[in-house]
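Visitor: Mind looking over this structure? Questions follow.
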Amino acid sequence: MASNLDTLVTVFGGSGFIGRNVVRALAKRDYRIRVAVRRPELAGHLQPLGRVGQIHTVQANLRYPASVEAAMRDSHVAVNLVGILTEGGAQTFDAVQAKGAETVAKAAAAAGASMVQVSAIGADAQS
């Protein structure tokens, strides 16, 4: 049986309130973690949550599919935690909660990865 060290999990939105707790939980379970965020230079607080080299940040923006595809390269699992509670500029509910989640789902499927979606808004499992 493969160990969790053999599994690369890409966490989109991993520097946020929920994200840092998900990253911590994955690190404790010995997963390799790639944290995909818009501004990786602001995600240094995640490094001490794991062992040296276990957590790596990369730049990705859900509005740019190429950046999401690059973040998913060689990943086994995608976790999408990106969400907004209010709209501002290009960060609209449609761009983030709908199209952004779709972008992650397509990139995960193309990589042959599983996906976990967490929504900041109510969602219908039958939709």
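Visitor: Going through region 77-109 one residue at a time, which ones are in contact (Cβ under 8 Å) with a residue 40 or more places away in the chain and among the basic types (K, R)?
Guide: Within region 77-109, K106 is the sole residue that qualifies.
Visitor: If you go through region 1-30 one residue at a time, how many are touching a His at 6+ places or on another chain (Cβ under 9 Å) and either surrounded by fewer than 20 Cβ atoms within 10 Å (Cβ to Cβ) or of a type outside the set (S, T, N, Q) (or both)?
Guide: The number of residues fulfilling the criteria is 5.
Visitor: Here is a follow-up. If I go through region 74-90 residue by residue, how many of them are farther than 13 Å from A105 by Cβ and of a type in the set (A, V, I, L, M)?
Guide: Matching residues across region 74-90 total 4.
Visitor: I need the full set of residues from region 70-89 which are charged (D, E, K, R) and more than 20 Å from V23 (Cα to Cα), in order please. Step through it out loud before you land on a result.
Guide: Quick first cut of region 70-89, residues charged (D, E, K, R) only: 73-74, 87.
E87 - this is the single residue of region 70-89 that is charged (D, E, K, R) and more than 20 Å from V23 (Cα to Cα).
Visitor: Among all residue pairs at least 6 apart or on different chains, which show Cβ distances below 8 Å where the first residue, located in region 1-27, is touching a residue at least 60 places away in the same chain (Cβ under 8 Å) and the second is among the aromatic types (F, W, Y) and crowded, with 18+ Cβ neighbours inside 10 Å?
Guide: Listed by first residue and then by second, the contacts come to T7/Y31; L8/Y31; V9/Y31.
Visitor: Just checking, does region 37-48 include any residue being surrounded by fewer than 15 Cβ atoms within 10 Å (Cβ to Cβ) and of a type in the set (A, V, I, L, M)?
Guide: yes
Readers should treat all values here as calculations from the given coordinates under stated rules, not as data from a laboratory. Keep in mind that this is a model prediction, so the values were computed, not measured. For neighbour counting, all protein chains shown are included, and Cβ atoms are generated from backbone atoms with ideal geometry for every residue, glycine included.
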